[in-house]
Amino acid sequence: MRLHVFSAVAPYQQLTTIPMKDMPGWITFSLDGKFAYPSSGEVVDVRTRKVLLNLEDEFHNAVSSEKVVEIQFEKGKAVRAGDQFGVGRKK
C-alpha cells in the first residue's frame, strides 16, 4: 500500500515512499508529466511527491482503476489524448 519513487538514472536509488489507500497495481502519468495517477485512486504531484486528492464519483464514493485516459480540448474539440501508458497522440 505504498508508492515507491526511484531515481531515473544510475545508480538507481529509492528517493521516497508515498503511502496509498490501497495497493497500486499500475501508475499512469499525465501528458505533461506533472501528475501521477496510481490505480489506487490518488492524484500525486510528481514534483512535490504529495497526494493532492483522492478520486471520487458523483456520490463521493472512492474510485480506483487502471483505466485512466486524459483528453485535452481546445475550443471544444479534442486535440490530444493520452492512454494508460501516458503517451499522447494527436489525430
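Counting other Cβ atoms within 10 Å, keep those with at most 12, restrict to DSSP loop, and tell me which GluC sites (Glu not before Pro) in segment 1-68 are left.
On the way: sites: 42, 56, 58, 66; in loops: 58, 66.
Of the GluC sites (Glu not before Pro), the ones in loops of segment 1-68 whose Cβ has at most 12 other Cβ atoms within 10 Å are 58.
Stretched out fully, how many nm does the piece from residue 14 to residue 85 gain, at 0.36 nm a residue minus the Cα gap?
On the way: separation 71, 0.36 × 71 = 25.56 nm, distance 2.19 nm.
23.4 nm is the gain from fully extending residue 14 to residue 85.
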May I ask which residue of 30, 53, 63 lies farthest towards the positive end of the charge dipole of the chain, with charges of +1 (Lys, Arg) and -1 (Asp, Glu) on Cβ and the Cα centre as origin? 30
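So how strong a dipole does segment 13-86 carry about its Cα centre when Lys and Arg Cβ are +1 and Asp and Glu Cβ are -1, to the nearest 20 debye? Mind dumping the intermediate values first?
Details: 9 positive and 11 negative charges, 65 e Å.
So the dipole magnitude of segment 13-86 works out to roughly 320 debye.
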P(r) tail for the chain, what percent of Cα pairs lie past 19 Å? 46
Within the chain, how many Lys pairs that are eight or more residues apart, or on different chains, come under 20 Å at the alpha-carbon? 10
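Here, each number is a calculation from the coordinates, and none is a lab measurement. This structure is a prediction, so every number in the text was calculated from the model and none was measured. In this analysis, Cβ positions are derived from the backbone assuming ideal geometry, glycine residues included, and neighbour counts consider all displayed protein chains.
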